[in-house]
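Heads up: the structure comes next, in structure tokens.
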Amino acid sequence: MNNEHRKNQDILTNLISGIWHVQDNSKLVKSINFWHDKLFINVNTINENASFIISFHQNYIHDKSSSEIGYSVSHLNEIVFVLDIAPIEKAKIELIIVEFNDKIKIREKILPISNNHNLIRYHKKVKTNNIKVALSVNPQALKEKYIIVNKIEQIKLIDTKCFYLHPNESDNFLFKPRKDIEPYKLTIPMEWNINPFSDRNWCYQLQAWRMIDNPLEDFEKTYDLSKLNFCFKMMEEWCKFAIEEKKTAKLMWDEMAAGIRALKISFIIDRISIIDKSKIDIQYLNMLVKLANFHIEKIKSQEVINNNHGLFQMHGLLLLSFLLKNYEVQEYALEQINILINNQFNKDGFHSENSDEYHWFIRRILNKMTSFGLYKNNPSMNSIIDKSIECNIWTVFPDNSNLMIGDSTFCYRKIKLPDEIGNDNVVKTFPDSGYLFIRSGFQVPVEQSFMFFLKSSFTNKTHRHSDDFNILLFEYGTNILVDAGKYSYDSCDERRYAVSTRAHNTVMIDNTDYNRLDLFYKSALEYCRDKNGTYEIKTSIHREEMSIKHERLIIYRPNKFLIVVDNLSSNKVRRYNQIWHFNEKLAIAESEDNFVTEITKGVYMNIKSTSMKLDNKNRSIFSDKTSQVILCKGQKKPELQGWRSLTYRNLIENYALQNIVKTKKTLLITEFTFSDKPLSKNTFDFTINSEQPNKKLSISSSELELDTKFDISDF
């Protein structure tokens, strides 16, 4: 082996040596060396009360003043260790394998394989599950005098998802980072600043090195070095572009992309530590060192982004700084990760970024991140993660389809239910997240089940839509009132529609979207009252930027009816538009003054939208027959309406109902009534008593034995 190759192997040995840490209160170790698959430990003179332990387990003990050693471990969870001990006169040296629980238990003694004038050599291959290997001259002294070498669990790949990679020839290949997009031919030398689909996410995937995901996963399974050849080639191309030529590209230093690249560099360094590095081209060893240092420098200089991208950013920085033994940066990264995780989840356990998809995504990412040993001893982090798991059952409807709120796409999820959950109806509020759920018991058959969801706060702009007071409804095994989904992350008409107020089950005012950037407010839910199985709900907000008071009054009797009244008042004439979006599988038909759809065989939903107007002079109330009620599906002009996005960059048509009136003050009312046949007559009566100090809205039905009153106010 030439000196230059040996030098680069030594560099990589130093990089990976941080995977193990030593706690040494006996000061026995003189020197520690690592070579290929062997660990060499030289020990100072051992007295009769001295011993040391080499511990192969997953606890983490970090002591800056301690020594660090290299290691070798195969992916079969075995370790080969070799100890060369200078012989000690008149001392009996034993190498023993011990188990530490409540008591020290000697499991096996290992005899030396050689004993000459200069050294005693021990060689043993052992399984590393929950055992510690000890060198001892006096087993009784193990509790007082020892050295513990703790293994940090191997670095794991996170969020690998390249769907198609086909190297055609040595200098070109097809790249397909998403299912919804066509494969694109990339050519070496690589141009990292391309954007062939005018797609921001595609550029991000390119900069996150998605093209090496599949080869890395193959290497993880086989430890076949040839699987890394393509990875090294891509990394070398990026190194030329970004480091040598000092070029930049769109999203090259996006926090998430940079963090994922740092993770992949760390992963390769970690894994090649267990194989013979003499088989790796010297230029690639140099490149790994260069890339590791370059990313530490760049990421450390970035602003820490207070969202899920920041987690990737700091996790990548943590891994690299750990491998390169940069303890100052390592502590900085850990501190930032603690802050980020606290900010990622609300106190009630839900992910703070307004999306059930991201709740699951970050939970999955944290499961992999926190398996790494540096996170192990963090009770606060573990408590947050445990609480978020409790929210999982609330991210799906009774058929296990997801809510699809915020930036989410449609899916079904596997949910593990707690043992104590039964058949009783459940009301659950998450005040920090502003979520209200009313649903049937978790053991109720899907076809008999129901679920109501209301959103009532704005505390985080990330992945948020303009969906204030949005309602979702599930009845008789079917999603009824639905969300639009995210469509994409581009600035296109379809994306603007998906995040808009008009794409949600709420009220749009003056054809303007609700602010989703900075007008934060805590939960506007005033109450949810259970009146013998009929739920009365009220939310209220004063939109100072628009000089509008908005109260959403809701009466819900599961499997029977849902009534939504939006009490809106302003000091000038406004255009109020109460909007409802229906599942794309439902066919909505007009029936006299109502609309009707068959939910399931023999179950119909009758829909009636009206409004009531308040006279400003004498407060008299009259029924407003002039409000405009519009049913549409798949509308493109003058604006998109009646669309959903179940998958990325795809729209499907669905029915949307709009209840529109222009006035200063109004009550917009929509009734959803479930019956065994279409209804032609009015089911509910609405009256307002304005003579009392506080105006009251009465909603009654003799047929359904309903008599409810709401206090209402105006601007």
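Cβ-Cβ below 8 Å, separation at least six or inter-chain, first residue in the range 195-223 and touching a residue at least 60 places away in the same chain (Cβ under 8 Å), second β-branched (Val, Ile, Thr): which pairs?
Asp199/Ile181; Glu217/Thr160; Tyr223/Ile274; Tyr223/Ile275
Is it the case that Glu220 is among the acidic types (Asp, Glu), out of contact with any His (no Cβ under 6 Å at 6 or more places or on another chain) and open to solvent by 20 Å² or more (accessible area, probe 1.4 Å)? Outline the logic, then answer.
Working: among the acidic types (Asp, Glu): yes; out of contact with any His (no Cβ under 6 Å at 6 or more places or on another chain): yes; open to solvent by 20 Å² or more (accessible area, probe 1.4 Å): yes.
Yes, satisfied.
Considering the range 488-504 alone, what residues qualify as being in a loop (DSSP other than H, G, I, E, B) and open to solvent by 20 Å² or more (accessible area, probe 1.4 Å)?
Passing the criteria: Tyr489, Ser491, Cys492.
Kindly indicate whether any position in the range 355-369 is over 12 Å from the mean Cα position of the chain (by Cα), on the phi < 0 side of the Ramachandran plot and open to solvent by 10 Å² or more (accessible area, probe 1.4 Å).
no
Exactly one condition in (1) open to solvent by 40 Å² or more (accessible area, probe 1.4 Å); (2) aromatic (Phe, Trp, Tyr); (3) over 19 Å from Leu403 (Cβ atoms) is false for Phe561; which is it?
For Phe561, the failing item is (1).
Failed condition for Arg619, given (1) of a type outside the set (Phe, Trp, Tyr); (2) surrounded by 11 or more Cβ atoms within 10 Å (Cβ to Cβ); (3) at pLDDT 95 or above, with all others met?
Unmet condition: (3).
Would you mention how many residues in the range 528-541 are buried (at least 17 other Cβ atoms within 10 Å of the Cβ) and either on the phi > 0 side of the Ramachandran plot or among the hydrophobic types (A, V, I, L, M, F, W, C) (or both)?
Qualifying residue count, the range 528-541: 3.
Scan the range 200-219 for residues that are acidic (Asp, Glu) and over 22 Å from the mean Cα position of the chain (by Cα) and report the count.
Step one: of the range 200-219, the residues acidic (Asp, Glu) are 213, 217-218.
Next cut, over 22 Å from the mean Cα position of the chain (by Cα) only: 218.
Total meeting the criteria: 1.
Go through the range 328-349 and count every residue that is touching a helix residue (DSSP H, G or I) at 6+ places or on another chain (Cβ under 7 Å) and either buried (at least 23 other Cβ atoms within 10 Å of the Cβ) or hydroxyl-bearing (Ser, Thr, Tyr) (or both).
The number of residues fulfilling the criteria is 5.
Is there a residue being among the small types (Gly, Ala, Ser) and without any contact (Cβ under 8 Å) to a residue 12 or more places away in the chain anywhere in the range 386-401?
no
Hey, among the residues in the range 243-274 that are out of contact with any Ser or Thr (no Cβ under 9 Å at 6 or more places or on another chain) and modelled with pLDDT under 90, which one's farthest from Leu228 (Cα to Cα)?
Residue satisfying both the conditions and the ranking: Asp270.
Can you tell me which residue within the range 573-601, out of those that are among the aliphatic types (A, V, I, L, M) and over 19 Å from Val661 (Cα atoms), is nearest to the chain's Cα centre (by Cα)? Outline the logic, then answer.
Just the residues of the range 573-601 that are among the aliphatic types (A, V, I, L, M), to begin with: 573, 579, 586-589, 596, 599.
From the residues that got through so far, the ones that are over 19 Å from Val661 (Cα atoms) too are 586-589, 596, 599.
Numbers: Leu586: 31, Ala587: 35, Ile588: 36, Ala589: 40, Val596: 39, Ile599: 33 Å.
It comes out as Leu586.
Output the residues belonging to the range 451-470 that are in a loop (DSSP other than H, G, I, E, B) and either β-branched (Val, Ile, Thr) or open to solvent by less than 10 Å² (accessible area, probe 1.4 Å) (or both). Break it down into steps so the answer makes sense when it comes.
Of the range 451-470, the ones in a loop (DSSP other than H, G, I, E, B) are 456-457, 459-470.
Correct list: Ser456, Ser457, Thr459, Thr462, Arg464, His465, Ser466, Asp467, Asp468, Phe469, Asn470.
State whether one or more residues within the range 414-423 are out of contact with any helix residue (DSSP H, G or I) (no Cβ under 6 Å at 6 or more places or on another chain) and closer than 29 Å to Ile652 by Cα.
So far as the range 414-423 goes, yes, one or more of its residues are out of contact with any helix residue (DSSP H, G or I) (no Cβ under 6 Å at 6 or more places or on another chain) and closer than 29 Å to Ile652 by Cα.
Which of the numbered conditions does Asn594 fail, given that it passes all the others? Conditions: (1) open to solvent by less than 40 Å² (accessible area, probe 1.4 Å); (2) modelled with pLDDT of 95 or more.
(2)
Out of curiosity, is Gly349 within 23 Å of Thr462 (Cα to Cα) and in a loop (DSSP other than H, G, I, E, B)?
yes
Of these, Tyr521, Tyr487, which one is under 24 Å from the mean Cα position of the chain (by Cα) and under 30 Å from Asn195 (Cα atoms)? Let's see the steps before the verdict.
On the way: Tyr521 fails: under 30 Å from Asn195 (Cα atoms).
Criteria check complete, one pass: Tyr487.
Report yes if some residue within the range 317-326 is open to solvent by less than 40 Å² (accessible area, probe 1.4 Å) and over 24 Å from Lys264 (Cβ atoms); otherwise report no.
Looking for residues that are open to solvent by less than 40 Å² (accessible area, probe 1.4 Å) and over 24 Å from Lys264 (Cβ atoms), one finds none in the range 317-326, hence no.
Suppose we filter the range 154-195 for residues that are in contact with a Ser or Thr (Cβ under 7 Å, 6 or more places away or on another chain), among the hydrophobic types (A, V, I, L, M, F, W, C) and at pLDDT 80 or above; how many remain? Break it down stepwise before answering.
First, the residues of the range 154-195 that are in contact with a Ser or Thr (Cβ under 7 Å, 6 or more places away or on another chain): 155-156, 171-172, 180.
From what's left, among the hydrophobic types (A, V, I, L, M, F, W, C): 155.
Then keep just the ones that are at pLDDT 80 or above; that gives none.
Final tally of qualifying residues: 0.
Which ones in the range 368-396 are touching a helix residue (DSSP H, G or I) at 6+ places or on another chain (Cβ under 7 Å) and among the aromatic types (Phe, Trp, Tyr)?
Answer for the range 368-396, where residues must be touching a helix residue (DSSP H, G or I) at 6+ places or on another chain (Cβ under 7 Å) and among the aromatic types (Phe, Trp, Tyr): just Tyr375.
When Ile305 is evaluated against the numbered criteria (1) touching a residue at least 24 places away in the same chain (Cβ under 8 Å); (2) farther than 21 Å from Gln205 by Cα, which criterion, by number, is the only one it fails?
Of everything listed in (1) touching a residue at least 24 places away in the same chain (Cβ under 8 Å); (2) farther than 21 Å from Gln205 by Cα, Ile305 misses just condition (2).
Which residues, counting only those in the range 369-404, are under 30 Å from Gln443 (Cβ atoms) and among the aromatic types (Phe, Trp, Tyr)?
Trp394, Phe397
What's the total number of residues in the range 415-450 that are assigned to a loop (DSSP other than H, G, I, E, B), open to solvent by 10 Å² or more (accessible area, probe 1.4 Å) and in contact with a Pro (Cβ under 6 Å, 6 or more places away or on another chain)?
0
Answer with yes or no whether Glu544 is open to solvent by 20 Å² or more (accessible area, probe 1.4 Å), within 24 Å of Arg649 (Cα to Cα) and of a type in the set (D, E, K, R).
So Glu544 does not fit the description; no.
Could you check, for the range 264-281, whether at least one of its residues is in a helix (DSSP H, G or I) and closer than 22 Å to Phe520 by Cβ?
Checked the range 264-281: no residue is in a helix (DSSP H, G or I) and closer than 22 Å to Phe520 by Cβ.
The values are calculated or read from the model by the stated rules, or taken from the named source; none is laboratory data. All values reported here derive from a predicted model rather than from experimental measurement. Ideal geometry is used to build each Cβ from the backbone, glycine not excepted, and the neighbour counts take in all protein chains shown. Just so you know, the surface numbers come from the protein's heavy atoms only, side chains and all, with ligands and any DNA or RNA stripped out. Shrake-Rupley method; radii C 1.70, N 1.55, O 1.52, S 1.80 Å.
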